[in-house]
Amino acid sequence: MRCGVWVLLAILLGLLAATGCGVSDNGGNGPVTDYNRKTPDNLLNFFGYAYEEEDPELYDEALDFYFEFEFTDEVADSLGLPKDSPWWGKEEDKASTENMFDDAHVKKIEFHLERSGVGSDWEDCWREFITDDPPETTLIQGVCEIFEPEIKVYIEEPGEEERILWVHESLLDIMVRPDPEQPELWTILRIKETKKNPFAASTQLSEIKTRGL
């Protein structure tokens, strides 16, 4: 069974530019973009780079141990998720995304995010998570921001013309925090999808997330 792409995650980023191993003057030819996790914005660049390169190891590195992707009620219902927990955890999300990366019919992914408001910036926020060992509720602090994703997934099925799954009708509420194991770096703790237009019948994101289920 092919579990497509959750995410495409429509999720994140309009800051991809060029690859590199650190910001430098590049011999006078301009700076080289450093895909790292040293700031929240850099983290989203790193995340988008993992998508466009279809690199499962980088993707895993960007996600927090407690990562959750929270779906709209419509998509959660179609996936059979409980109403009080309409999300996938890190392992479910990784499995779906890696399946997408391995799908021979997916030819290319373009991933872009823009802040939803003019002059907006990361703000402090908190979220409760239930830990397993020992079982207890933990309040985790991070910073949050809302983004408008534009994600294009180019698909070629046998005997059919190329089609594009285009995600652009959603908003993504993204929460990040310092990496507990490497506090100088950042990880994505939660992505919550909402509709840009609450009266829309559906979003293209739901088609991508449930592709092949």
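The values are calculated or read from the model by the stated rules, or taken from the named source; none is laboratory data. Predicted model, so just to flag it, every value in this text is computed and none were measured. Reconstructed Cβ throughout: ideal geometry from the backbone, glycine too, with neighbour counts over all protein chains shown.
Structure notes:
- Matching option when the condition is of a type in the set (F, W, Y), at pLDDT 85 or above and closer than 18 Å to L113 by Cβ, among W166, W186: W186
- Residue match in the range 133-141 (condition: modelled with pLDDT of 90 or more, under 16 Å from the mean Cα position of the chain (by Cα) and surrounded by 10 or more Cβ atoms within 10 Å (Cβ to Cβ)): no
- Flag if A18 is at pLDDT 90 or above and of a type in the set (A, V, I, L, M): no
- Here the condition is being modelled with pLDDT of 90 or more and within 30 Å of Q141 (Cβ to Cβ); of A95, A62, A76, it holds for A62 alone.
- Test: residue in the range 201-208 that is over 19 Å from the mean Cα position of the chain (by Cα), loosely packed, with under 12 Cβ neighbours inside 10 Å, under 20 Å from P86 (Cα atoms) and modelled with pLDDT of 85 or more: no
- Exclusive hit being over 18 Å from I191 (Cβ atoms), of a type in the set (A, V, I, L, M), under 23 Å from the mean Cα position of the chain (by Cα) and surrounded by 10 or more Cβ atoms within 10 Å (Cβ to Cβ), set I164, I146, I151: I164
- Scanning the range 116-129 for residues that are out of contact with any Leu (no Cβ under 8 Å at 6 or more places or on another chain), at pLDDT 90 or above and not aromatic (F, W, Y) turns up E123, D124, C125.
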